[in-house]
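This report concerns only the one structure given below.
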Amino acid sequence: MLGMIRNSLFGSVETWPWQILSKGGKEEVSYEERSCEGGKFATVEVTDKPVDEALREAMPKVMKYVGGSNDKGIGMGMTVPISFAVFPDEDGALQKKLKVWFRIPNQFQSNPPVPSDDSVKIEERESITVYSMQFGGYAKEADYIAQATQLRTALEGTVTYRSDIYFCTGYDPPMKPYGRRNEIWLVKI
């Protein structure tokens with residue numbers, strides 16, 4: 001636990017590599033099209049719980065892994081954003097299923113430490129192209145749903161993206177009180 005706290009307060013922060021392909025907007029909604037690099041990710045999946053509750057269960061597991069709860073006992077440093085996949089129903093409500101994706105820092109990509117917690121998995125993910133929209137505040141499930149709806153409306157009729165999944169992302173530690181950065185990522189088809 002001390003490793004996790006030390007890592008989040010004093011550890012290095014690496015940005016998940018991406019490239020902006022284009023920028024756009026409609027009315028008051030601005031967005032970017034980005035190509036996000038693939039790689040190895042630490043993941044935790046939680047089912048049968050609402051998003052906010054599932055996050056409270058999954059995030060500490062990922063943070064402990066990053067902070068040193070692994071076979072090497074090493075704190076790896078952070079990468080941002082931390083993303084989590086959500087699965088919308090046709091009416092926009094979110095299913096009780098969530099998957100947190102933490103991109104393992106570049107230094108550990110070739111040989112990531114093995115998690116001590118069996119619920120933390122190491123998975124390879126291909127590069128993805130997303131439509132991204134930024135917003136602030138302490139985001140909760142209702143905020144993600146509202147922001148995803150705004151982004152879908154802004155993109156309507158101009159691009160195609162997956163409707164069965166989208167990513168919610170965060171860049172800031174929980175103790176940061178203001179100037180917070182969150183994003184919604186719709187995955188381009």
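The values are calculated or read from the model by the stated rules, or taken from the named source; none is laboratory data. Every value quoted in this text rests on a predicted model; they were computed, and no experiment measured them. Don't worry about glycine lacking a Cβ; one is built from the backbone with ideal geometry, like all the others, and counts go over all protein chains shown. These area figures cover heavy atoms from the full protein model, side chains too; ligands, DNA and RNA do not enter into them. Shrake-Rupley method; radii C 1.70, N 1.55, O 1.52, S 1.80 Å.
Against the main long axis of the alpha-carbon atoms of the chain, helix 51-67 sits at an angle near 40°. Entry comment: accessible area of the chain is 51 Å² per residue, from protein heavy atoms only and a probe of 1.4 Å.
Count Lys and Arg as plus one, Asp and Glu as minus one, and take only other residues whose Cβ is under 14 Å from that of residue 134; the net charge is then -2.
Applying a DSSP loop filter and a limit of 16 other Cβ atoms within 10 Å to the GluC sites (Glu not before Pro) in segment 60-166 leaves 90, 126, 156. Note: relative contact order over segment 13-188, using C-alpha pairs below 8 Å and six or more positions apart, is 28 percent. Along its three principal directions, the equivalent ellipsoid of the chain from the Cα gyration tensor extends over semi-axes of 28, 17, 16 Å, largest first.
To the nearest 10, the accessible area of residue 23 is 150 Å² with a 1.4 Å probe. Taking only protein heavy atoms and a 1.4 Å probe, the accessible area of segment 13-188 is 47% carbon and sulfur. Taking the Cβ of residue 172 as the center, what net charge do the other residues with Cβ under 12 Å away carry, scoring Lys and Arg +1 and Asp and Glu -1? So the environment of residue 172 carries a net charge of +2.
Between 67, 25, 170, the residue with the greatest mean-square fluctuation in the GNM of the chain (Cα pairs under 10 Å linked by springs) is 25. Helical runs (DSSP H, four residues minimum) scored at -39500 (n - 2.57) apiece and divided by the length of the chain put the mean residue ellipticity at 222 nm at -7000 deg cm²/dmol. Relative to the longest principal axis of the Cα atoms of the chain, the long axis of helix 141-155 lies at roughly 50 degrees.
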